[in-house]
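S.K.: Pasting a structure here, questions to come.
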Amino acid sequence: MYAYNEPFETGKLKVSDIHTLHYEISGNAGGAPGGPGGGCDHKDRAFFNPQKYKVIFLDQRGAGKSEPSACLEENTTWDLVKDVERLREHLKIDKWHVFGGSWGSTLSLAYAQSHPDRVKSLVLRGIFTLRKSELRWFYQEGASHLFPEAWAEYLEPIPKAERGDLVLAYHAQLNSVDDETRLRAARAWSKWEMSTSKLYTDPAQIAEAEKDDWANAFARIENHYFINDGWMRDGQLLDPQEIDKIRHIPTIVVQGRYDVVCPATTAYDLKKVWPEITLHIVPDAGHSSREPGTQKLLAEATDKFADL
């Protein structure tokens, strides 16, 4: 991991009548452009050599410092793909390296399959492709058997009669007109994910779920995407015809063996349909990018691609 420095440029990019995106640029202004999406976290700059990379962070619609916060209107996977491309054009970048984990891996794959001629490399972590089976595992039954005490808290806001489809039940509460109902659901949804993200549970990470503004945006946007199946057909990102569009792109995947949020089976399925990728299974890691083995491999991956 590298020492991270402050951005030398921050900006706003209006992408619709409703949405304005926040972005940040750090590292070397003349370096290879690349970086993650989602909500900016300054710690993620440490994955990139600041002497070699021009590191570009983007807060997706409704997240982080993008405005308006937690807004679900005009907020779909394909809106986000267009936003990433708009930012590339705005910054006058020909091609860039794309880096993303968890939902960021979903968006990275969707972007690359839409604009394969604009991607120099992919570094992905905790592969998530929004298949119904992946959502059922984490939000209905599966991970619940490994974290029963955290699962009990996740179930608490939902009446027993509505627990047959928890994503749908949460959707109703996360969009309630009652502030307390909405925020209680947001905190419970977010706490479930934070409680399961690391091999060793991190109290500091769980504390994030108690922050109302953060939890509200995190939970509402996630649930909005899941209730709509990401506006994709089931398994679309793993379709061999879609993979053929990006098969030429050098790609490294880092996957925690004990990732219960995005289990290794999805990364393995990606490797089966795309054998050209390099897949690293970290034997002592969960879902988080902050675990030592995962951090090391992600930094090595960006090092490998820095001179492409």
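The values are calculated or read from the model by the stated rules, or taken from the named source; none is laboratory data. What you see is a predicted model, and the numbers here were worked out from it, not measured in a lab. Methodologically, a virtual Cβ is constructed for each residue, glycine included, from the backbone with ideal geometry; neighbour enumeration extends over all protein chains shown.
S.K.: Name the residue that is farthest from G164 (Cα to Cα), counting only residues in region 100-153 that are of a type in the set (K, R) and free of Cβ contacts under 8 Å to residues at least 60 places away in the same chain.
M.R.: Taking the candidates together, the pick is R118.
S.K.: Among the residues that make up region 77-93, is at least one of them in contact with a Leu (Cβ under 6 Å, 6 or more places away or on another chain), closer than 29 Å to R220 by Cβ and at pLDDT below 95?
M.R.: no
S.K.: Still on this structure, please answer the following. Taking region 22-77, which residues are assigned to a strand (DSSP E or B) and among the hydrophobic types (A, V, I, L, M, F, W, C)? Write out each step before concluding.
M.R.: Residues of region 22-77 that are assigned to a strand (DSSP E or B), as a first pass: 22-27, 32-35, 53-59, 67.
Within region 22-77, I25, A32, V55, I56, F57, L58 qualify.
S.K.: While we're looking at this one, here's another question. Within region 161-180, which residues are in contact (Cβ under 8 Å) with a residue 12 or more places away in the chain and assigned to a helix (DSSP H, G or I)? Talk me through it step by step, then tell me what you get.
M.R.: Going through region 161-180, the residues in contact (Cβ under 8 Å) with a residue 12 or more places away in the chain turn out to be 165-168, 170-171, 173-175.
Those that are in contact (Cβ under 8 Å) with a residue 12 or more places away in the chain and assigned to a helix (DSSP H, G or I): L166, V167, L168, Y170, H171, Q173, L174.
S.K.: Take the residues in region 1-44 that are surrounded by fewer than 21 Cβ atoms within 10 Å (Cβ to Cβ) and aromatic (F, W, Y); name whichever of them is modelled with the highest pLDDT.
M.R.: Checking each candidate, the answer is F8.
S.K.: Out of Q140, Q205, I need the residue that is surrounded by fewer than 21 Cβ atoms within 10 Å (Cβ to Cβ), among the polar types (S, T, N, Q) and at pLDDT 95 or above. Which one?
M.R.: Working: Q205 fails: at pLDDT 95 or above.
Selected residue: Q140, the only one of Q140, Q205 that is surrounded by fewer than 21 Cβ atoms within 10 Å (Cβ to Cβ), among the polar types (S, T, N, Q) and at pLDDT 95 or above.
S.K.: Still on this model: Determine whether region 241-251 contains at least one residue that is at pLDDT 95 or above and assigned to a strand (DSSP E or B).
M.R.: Within region 241-251 (the criterion being at pLDDT 95 or above and assigned to a strand (DSSP E or B)), the answer is yes, since at least one residue qualifies.
S.K.: Residues L237, L279: which one is assigned by TED's automatic domain parsing to the domain that holds F47 and either within 17 Å of Q113 (Cβ to Cβ) or part of a loop (DSSP other than H, G, I, E, B) (or both)? Don't jump to the end; show me each part of the working.
M.R.: Numbers: L279 fails: either within 17 Å of Q113 (Cβ to Cβ) or part of a loop (DSSP other than H, G, I, E, B) (or both).
Answer to the selection: L237.
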